[in-house]
Structures are given as structure tokens and as C-alpha cells.
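Bear in mind that the values in this text are calculations on the coordinates, not laboratory data. Remember, it's a predicted structure, so these values are computed and weren't measured experimentally. Counting neighbours? That spans all protein chains shown, and the Cβs are built from the backbone with ideal geometry, glycine included.
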Amino acid sequence: MEWVPGHNERRIRVAAPPSGAVTLHATPPPMVWTVSAVTNLERPTYGVGQASALLGMRQDKVRGWLNGYERSGTTYPPVIRELPSDSDAVTWGEFVELGYLREYRRARVPLQHIRPVIERLRQEFGVRYPLAHARPFIYDRQLVLRIQEETDLDRSLAIVIRSGQGIILAPEVESYLQKVEFTDDVVTRLRPAGKTSPVVIDPEFSFGRPSIRGVATERIAELYRSGDSPDFLAKAYELPVEEIRAAIAYETQLAATAA
């Protein structure tokens, strides 16, 4: 598949190989390939176990969405990755798209049904992780609706919905957008407890762990469970006590979800 340059991508030309060399005839020589500059979206950020814990999901479910699975003699392809991979690493782009799919976890049909839509969005936008970009949700809803109709996407997995004379976002997408922040069209951080919470997940800080102003919420919760009071922790970390309580509440909810 030839990638069309998109956000943070560049195009390079490769000369035809010497006589006798093995060639990949993707296009007639001279071949044109497109490679992506390394961005946060493509950076390995988590292992499957950590990604699953942060999303409050079972590891087998996350692996199934990433790499596909087989059940009762039927093979289901990956939802997020183009091809299955043996790698346990989860890129930031994959993690963001897993968070998107999580909003549909109660859908009545397998999420593999959304794969054709994701493939078409990759082609249209020329990006590897279209659901980690703002374009499908903000700028190109008409295109998304057309792709949904052409791929016969089940309504329970819809990204956009016709409403009167307009096109609105599905409730699951609205929920997803309350948990993401975009920079230059790309999701650069998550707010897993919602935009009113100070808790963020940012691959640039705290190794991608949930944090408040660079302080890992996991560490705050550990100290609280060890006996330190919110007021003591607020003074120790020079954070408002409300933010300390928000960190504790987030970690308590995360632990309950995992259980």
C-alpha cells in the first residue's frame, strides 16, 4: 500500500535497484515510497499490559483489537493495526485509538466491523491513525458519513449520524472528545477522567503514566493508602489539595474498573 503524505509525513524517491536485485513492484520503477517522520503517534509508549490497565480493559480484548483473533473457526482481522504483529509495544497512536474503540465496548456487533471504515479513512487522509486526528470528527463529517454508508457500517458503530438537515457526532464520539486534547489536528494528551479533571495522560510526561502537573497519580494514591493525608501530600508536592483528591479519586476508580 502506498501512503499519501499526511500530517508530519514526507515523500522520498528511491532509485531503481541494480540489475539482478530483488524488487518490490509496488509501482513501476522508479518506485516512490512514503515514510512518516517519527511522531508521538508512532512512538512505542506502553506494553499491552500497561495499556490495558490504563484503559480498564482485559488484555485479551486489547490484543484482539490490535492483532485480531480467532473464535469458533472464524478469523477476525485487527481493528487498529493493518496487519497482526508479534510486538507487545503499543504506540501512542494505537493507545489513543484503543481509547476511541473503548467507547463502543457495549456495541451489539463486533468492533471488527469498523475496520473497513478505518482503512478508508487512512486512504482518504493519508495518515496511519485517523481516529487520533481531529479531521474525521471536526472537519470532514460529510466524507465520514459517505464512507459509513458505502461500507454498510452498523449504526451502533457510527461515527456520525444524520440529524434533520445536519450531521452530528455519535454519543460515543462526543464522550471520546471529552477525553482528548488536539494539537495541530493530532491527539497529544488524554484527560481520562474528563476535561474538568486535572489528571492527564501525556506521552511527554511521567513516561505516559496518568499524572497531575508531572506528578504520577499512582504515586499520590500509594502515599495516601500508606497513611499520608491529602493536606500533607498537597504541601509535599506543592499542589492544591483539590488536585490531590482528584488524583486519589482517579486511581480509586481505575482500580475498581480493573477489578
Of all GluC sites (Glu not before Pro) in region 63-104, which ones are in loop regions per DSSP and have a Cβ with at most 13 other Cβ atoms within 10 Å? E82
Net charge (Lys, Arg +1; Asp, Glu -1) of residues whose beta-carbon lies under 14 Å from that of T196, T196 excluded, is +1
Going residue by residue through region 185-202, the Karplus relation 6.51 cos²θ - 1.76 cosθ + 1.60 with θ = phi - 60° gives ³J(HN,Hα) values, rounded to whole Hz and with x marking Gly or Pro, of 6, 10, 5, 10, 7, 10, 10, x, 9, x, 6, 7, 8, x, 6, 10, 10, 9
Size of the dipole of region 41-187 about the Cα centre, Lys and Arg at +1 and Asp and Glu at -1 on the beta carbon, nothing else charged, in debye to 20? 420
Amide H contacts under 5 Å for A170, placed H, 5+ residues apart: V160, I161
Using modelled amide H (1.01 Å from N, peptide plane; none on Pro or chain starts), what sits under 5 Å from the amide H of Y76, excluding residues fewer than 5 places away? Y69, E70, R71
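Going by C-beta contacts inside 10 Å, put T252, T217, T39, T45 in order with the fewest on the left. The partial results should precede the final answer.
On the way: T252 13, T217 27, T39 18, T45 21.
The order, fewest Cβ neighbours first, is T252, T39, T45, T217.
Compute the length gained on full extension between E82 and I168: take 0.36 nm times their separation in residues and subtract their Cα-Cα distance, giving the result in nm to one decimal.
Result for the pair: 28.1 nm of gain on full extension.
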Using Cβ contacts closer than 10 Å as the measure, can you line up W65, W92 from fewest to most? W65, W92
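Can you bin region 140-259 into rounded, prolate or oblate? Criterion: square roots of the alpha carbon gyration tensor eigenvalues sorted a ≥ b ≥ c, rounded for a/c under 1.5, prolate for a/b above b/c, oblate for the rest.
Prolate.
Which of R135, R155 has the fewest other C-beta atoms within 10 Å, and how do the rest follow up to the most?
R155, R135
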Which net charge results when you count Lys and Arg as +1 and Asp and Glu as -1 among the other residues whose beta-carbon is under 11 Å from that of R43? -3
Along each of the three principal axes of the Cα atoms of region 191-259, give the extent in whole Å, ordering the values from largest to smallest. 28, 27, 22
